[in-house]
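K.L.:
Got a structure for you, questions after.
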Amino acid sequence: MEALLEEEVKRSEDARSPVSRQMLVRRLEREAGLSHRDAWAKVDEWCEERAPMVPSYLSGEFGTYWLKVVAIANVALGCGLFYWAVRQWQSKAVAWPWFCAGVLLFGIGGVLTYVRSLQREAAR
């Protein structure tokens, strides 16, 4: 396992590309068949001893998860606006602005942001 970690860090140094502990964990999970927890423990131990300069996450990896959080928040707000619009419609009030806002937040804000996060993940 240590050879896999050394190889990955060496390859990234030679290619002048960034590497993170998260990337090393994924490689150990994929190639050594370790569980996520065991892989994190092994990578942390190895990096603290031999490569302390390797960060836990790269900004791009954090950005992917941040997009998913924003997508979930937009979907929740959109669903709330849908509920509010239905309540307005039931009381015979004007509901179309609430439906439009719900569609924008749910569709554009939520779903498209989530799809974009998946595209960023696939590009890595």
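K.L.:
Given (1) aliphatic (A, V, I, L, M); (2) more than 22 Å from GLU121 (Cα to Cα); (3) under 25 Å from the mean Cα position of the chain (by Cα), where does ALA3 come up short, assuming only one miss?
P.N.:
ALA3 satisfies all of (1) aliphatic (A, V, I, L, M); (2) more than 22 Å from GLU121 (Cα to Cα); (3) under 25 Å from the mean Cα position of the chain (by Cα) except (3).
K.L.:
Is it the case that VAL54 is β-branched (Val, Ile, Thr), under 23 Å from the mean Cα position of the chain (by Cα), within 25 Å of TYR114 (Cα to Cα) and crowded, with 16+ Cβ neighbours inside 10 Å? Give the steps one after another, and end with the answer.
P.N.:
Working: β-branched (Val, Ile, Thr): yes; under 23 Å from the mean Cα position of the chain (by Cα): yes; within 25 Å of TYR114 (Cα to Cα): no; crowded, with 16+ Cβ neighbours inside 10 Å: yes.
Judged against the criteria, VAL54 is not a match.
K.L.:
It is to be established whether one or more residues within the stretch 42-56 are modelled with pLDDT of 85 or more, over 30 Å from PHE99 (Cα atoms), of a type in the set (A, V, I, L, M, F, W, C) and out of contact with any Asp or Glu (no Cβ under 8 Å at 6 or more places or on another chain).
P.N.:
Yes, because at least one residue in the stretch 42-56 is modelled with pLDDT of 85 or more, over 30 Å from PHE99 (Cα atoms), of a type in the set (A, V, I, L, M, F, W, C) and out of contact with any Asp or Glu (no Cβ under 8 Å at 6 or more places or on another chain).
K.L.:
For the stretch 101-122, check the following and say yes or no: at least one residue is surrounded by fewer than 16 Cβ atoms within 10 Å (Cβ to Cβ), without any contact (Cβ under 8 Å) to a residue 24 or more places away in the chain, more than 19 Å from MET1 (Cα to Cα) and polar (S, T, N, Q).
P.N.:
Among the residues of the stretch 101-122, at least one is surrounded by fewer than 16 Cβ atoms within 10 Å (Cβ to Cβ), without any contact (Cβ under 8 Å) to a residue 24 or more places away in the chain, more than 19 Å from MET1 (Cα to Cα) and polar (S, T, N, Q), which makes the answer yes.
K.L.:
Right, here's the next one. With the requirement that a residue be more than 27 Å from TYR65 (Cα to Cα), touching a helix residue (DSSP H, G or I) at 6+ places or on another chain (Cβ under 7 Å) and of a type in the set (Phe, Trp, Tyr), what does the stretch 76-121 give you?
P.N.:
TRP84, TRP98, PHE99
K.L.:
A follow-up question, please. Here is a list of conditions, (1) basic (Lys, Arg); (2) under 22 Å from the mean Cα position of the chain (by Cα); (3) surrounded by 12 or more Cβ atoms within 10 Å (Cβ to Cβ), and ARG37 meets all of them except one; can you say which number that is?
P.N.:
Single failed check for ARG37: (3).
The values are calculated or read from the model by the stated rules, or taken from the named source; none is laboratory data. None of these values were measured; they are calculated from a predicted model. Neighbour counts run over all protein chains shown; Cβ positions are idealised from the backbone, glycine included.
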